[in-house]
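Visitor: Below is one structure. I have some questions about it.
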Amino acid sequence: MGGALAAMSEAQSSIRPTNHSSESNPAATEHLLTSQQSPYLGSVSSERLRTGVLELSLEDAVNRGLKSNLGLFLSSTNADKSRAARQIALSELLPHLDGSLRESTQRINLHALGIPLANLPRTVDVSNSDARVQLTQTLLDLTAISRTQAASSSEDAARSDYRDARETVAAAVSSAYLAVLAAQVRLDLAQADLKTADALCQLANDRENSGLNPEVDTLRAQVELQARQESVIEATNFLGKQRIVLLRLLGFNIHQPFHLTSSLNKESFKAMSSQEAYQHALEFREDYRAAQEQVRSAESAKHAAERERAPKIGIAANYGALGTVPGNAVSTWNVGVALRLPVFDGGEIEADVSESDASLRQKLAELEDIRNRIAQEVENALLDLDSANKQVEVSQAALGYANRALKQSQDRFSAGVTNNVEVIQAQEALAGANEQWVSSLYAYSIARMSLARATGTAESTSRSLLESPGRPKPAR
C-alpha cells in the first residue's frame with residue numbers, strides 16, 4: 001500500500017505542461033505502483049477483439065479490473081493457501097479414522113527363532129487375515145491448539161491482504177481511467193489550439209498578400225502552426241499509450257476500441273479533518289488489519305513453542321476381525337491411552353521459543369511502522385488534496401484570462417494595431433493555461449483517490465468518483 005500511495009503522489013507532481021515528447025513520462029498508473037513489472041499492472045485474461053466500440057464507465061472498468069487483475073488473482077491464491085494451512089493445523093486436533101484389510105502368508109524358521117524343535121518341524125507356514133478399523137484422537141495437546149490459533153490468524157491476515165489487494169486494483173484502474181480522460185482532454189485542447197493557429201496563419205498570409213503586414217508575421221504564424229501540429233502528434237501518441245495501459249489492466253485486447261462514458265470533473269465532497277481521516281484509516285485499512293492478525297498469529301506461535309513442555313495425551317483404538325482365513329476370523333479390539341512428557345530435548349524447545357519471540361517482536365515493530373505510515377499517508381493525501389483544489393481554482397481563472405488575452409490580441413492584429421508577436425505569445429499562454437487546467441483537474445482526482453486509498457475506501461470511492469454529469473469546459 002505504501003508504495004502505491006507514494007506513487008500516486010508522485011503522479012500528481014509529475015503532471016506539468018509539456019511541449020516535447022522527451023518530457024512525456026510514463027502513464028499515471030505506472031506511477032501508482034512501485035514497479036512497471038507489478039502484477040497489479042497485468043491481467044489473467046485476454047479477450048479477443050470485440051466488434052464495435054466498447055462503452056466503458058469508471059464503475060464498469062473497476063468491476064472488470066476486480067475480475068481479471070493478476071495481482072488480485074495472486075492474492076486470492078495466497079488466501080487459499082492460508083486456508084489450507086489452517087485446515088492442516090486443525091487436523092492435528094480432529095479424530096483420525098482409517099481402515100485396513102490385510103491377507104498374508106509366511107513361512108517361519110522355528111530353529112532361527114530359538115524354539116526347541118523336538119517333535120516340531122523346522123519350519124511352519126502361517127496365514128493371517130485381518131480386517132480392522134483404527135481410530136486415533138488427541139485428548140490434550142496445547143501446542144496443537146496454539147498452532148491452530150496461529151494458522152487461523154494467518155488465514156484472517158490473508159483475507160485482509162486480499163481485500164487490501166482489491167483496494168489497490170480499484171486505485172490502479174481508477175488512475176488508468178483518469179489518465180486516459182486527461183490525455184483525451186489534452187488532445188481535444190491541442191486540436192483546438194491547432195485550429196486557432198491555422199486560422200491566424202491564414203489571416204497573416206492574407207494580410208501579407210494585401211500588403212498590410214510584412215512576411216515575418218506570416219513566418220511567425222507558420223512556426224506557431226507547426227508547434228501546434230507537433231503538440232497534436234504528441235497528445236495523440238500519449239493518449240494511445242494510456243489506452244493500452246487501461247486495456248491491459250482490464251484484460252482486453254490492446255487494439256479494442258472503447259469510449260469512456262465518465263467525464264473528468266471536480267466533484268465536491270465532504271472534507272475530513274486530519275484526526276478524523278486517521279481514525280477512519282485505522283478502522284478500514286485492510287493492510288493494518290492484516291498486520292494486527294499477523295501479530296496475533298505470532299503470539300499464538302510463541303505460545304505453541306512454550307507449550308511444547310506441556311504433556312500430551314492421546315487415545316488410540318482399533319476394532320476388527322482376525323483369523324488365519326476370513327472364514328474363521330473372530331472379533332478383536334484394542335484401546336489405549338498414551339501420555340507423552342518431554343524430559344530432555346537438547347534445547348530444541350528453548351530455541352523454538354527464542355525464534356518465535358523474535359518473530360513476534362518483528363511483527364509488533366511492523367505493526368507500529370504501519371500505524372505511523374498510515375498517519376503520514378493520510379496527512380500527505382490531505383495536503384495534496386488541498387493543494388490540488390486550490391490549483392484547480394487558480395488554473396480555471398488563468399484559463400479565462402488567457403482566452404480573453406488571445407481574443408484581444410487577435411482583434412488588435414486584425415485591426416492592424418500590432419504585429420502577430422503579441423498573438424503568438426497569447427497562443428502560447430493559452431496552451432500553457434490549458435495544460436495547467438487539465439493537470440490540476442487530473443491531480444485533484446488523483447488526490448481524491450490517494451485520500452481514499454489512505455483511508456481504506458478506494459473501491460467504494462472509485463465507483464462514485466466521476467458521477468457528476470459533464471465536466472467544466474473552458475470558453476474559447
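Visitor: Can you tell which of V392, V423, V417 is farther than 23 Å from R207 by Cα and of a type in the set (V, I, T)?
Guide: Only one candidate qualifies: V392.
Visitor: Also, quick follow-up: For Q106, which of the numbered conditions (1) at pLDDT 85 or above; (2) surrounded by 12 or more Cβ atoms within 10 Å (Cβ to Cβ) fails to hold?
Guide: (2)
Visitor: Moving to a separate point now. Can you name the residue in the range 444-466 that is part of a loop (DSSP other than H, G, I, E, B) and at pLDDT 85 or above and, of all such residues, is surrounded by the fewest Cβ atoms within 10 Å (Cβ to Cβ)?
Guide: T457
Visitor: Taking only the range 181-217 into account, find how many residues are out of contact with any helix residue (DSSP H, G or I) (no Cβ under 8 Å at 6 or more places or on another chain) and either of a type in the set (S, T, N, Q) or outside any helix (DSSP H, G or I) (or both).
Guide: The number of residues fulfilling the criteria is 5.
Visitor: Hey, P326 hits all of (1) closer than 30 Å to G99 by Cα; (2) at pLDDT 90 or above but one; which does it fall short on?
Guide: With respect to (1) closer than 30 Å to G99 by Cα; (2) at pLDDT 90 or above, P326 is out only on (2).
Visitor: Now for a different question. Taking into account only those residues within the range 393-430 that are of a type in the set (A, V, I, L, M, F, W, C) and not in a helix (DSSP H, G or I), which is nearest to A199 (Cα to Cα)?
Guide: A415
Visitor: Examine the range 333-344 for a residue that is under 30 Å from Q106 (Cβ atoms) and among the aromatic types (F, W, Y), and state whether such a residue exists.
Guide: yes
Visitor: Output the residues belonging to the range 233-244 that are closer than 14 Å to Q191 by Cβ and buried (at least 17 other Cβ atoms within 10 Å of the Cβ).
Guide: Once the filter is applied, which keeps residues that are closer than 14 Å to Q191 by Cβ and buried (at least 17 other Cβ atoms within 10 Å of the Cβ), the range 233-244 yields E234, A235, F238, L239.
Visitor: Between S274, S300, which is surrounded by 18 or more Cβ atoms within 10 Å (Cβ to Cβ), touching a helix residue (DSSP H, G or I) at 6+ places or on another chain (Cβ under 9 Å) and among the hydroxyl-bearing types (S, T, Y)?
Guide: When all the criteria are applied, what remains is S300.
Visitor: Give the range 376-388 a look and list any residue that's surrounded by fewer than 17 Cβ atoms within 10 Å (Cβ to Cβ) and of a type in the set (A, V, I, L, M, F, W, C), or say none.
Guide: Residue satisfying the conditions is L383 alone.
Visitor: If you go through the range 312-330 one residue at a time, do you hit one that is farther than 30 Å from A281 by Cβ, surrounded by 13 or more Cβ atoms within 10 Å (Cβ to Cβ), touching a helix residue (DSSP H, G or I) at 6+ places or on another chain (Cβ under 9 Å) and not polar (S, T, N, Q)?
Guide: Looking for residues that are farther than 30 Å from A281 by Cβ, surrounded by 13 or more Cβ atoms within 10 Å (Cβ to Cβ), touching a helix residue (DSSP H, G or I) at 6+ places or on another chain (Cβ under 9 Å) and not polar (S, T, N, Q), one finds at least one in the range 312-330, hence yes.
Visitor: Let me ask something else about it. May I ask you to list the residues in the range 118-140 that are among the polar types (S, T, N, Q), at pLDDT below 85 and assigned to a strand (DSSP E or B)?
Guide: Of everything in the range 118-140, just one residue is among the polar types (S, T, N, Q), at pLDDT below 85 and assigned to a strand (DSSP E or B), namely T123.
Visitor: Residues being touching a residue at least 12 places away in the same chain (Cβ under 8 Å) and either within 30 Å of S331 (Cα to Cα) or surrounded by fewer than 16 Cβ atoms within 10 Å (Cβ to Cβ) (or both): count how many of those fall in the range 119-160.
Guide: Of the residues in that region, 19 qualify.
Visitor: If you don't mind, there's one more thing I want to ask. Do we have S21 as under 23 Å from E167 (Cβ atoms) and either surrounded by 14 or more Cβ atoms within 10 Å (Cβ to Cβ) or at pLDDT below 90 (or both) here?
Guide: no
The values are calculated or read from the model by the stated rules, or taken from the named source; none is laboratory data. On a predicted model such as this, the values are computed, not experimentally measured, just so you know. Quick reminder, even Gly has a Cβ in these numbers, built from the backbone with ideal geometry, and neighbours come from all protein chains shown.
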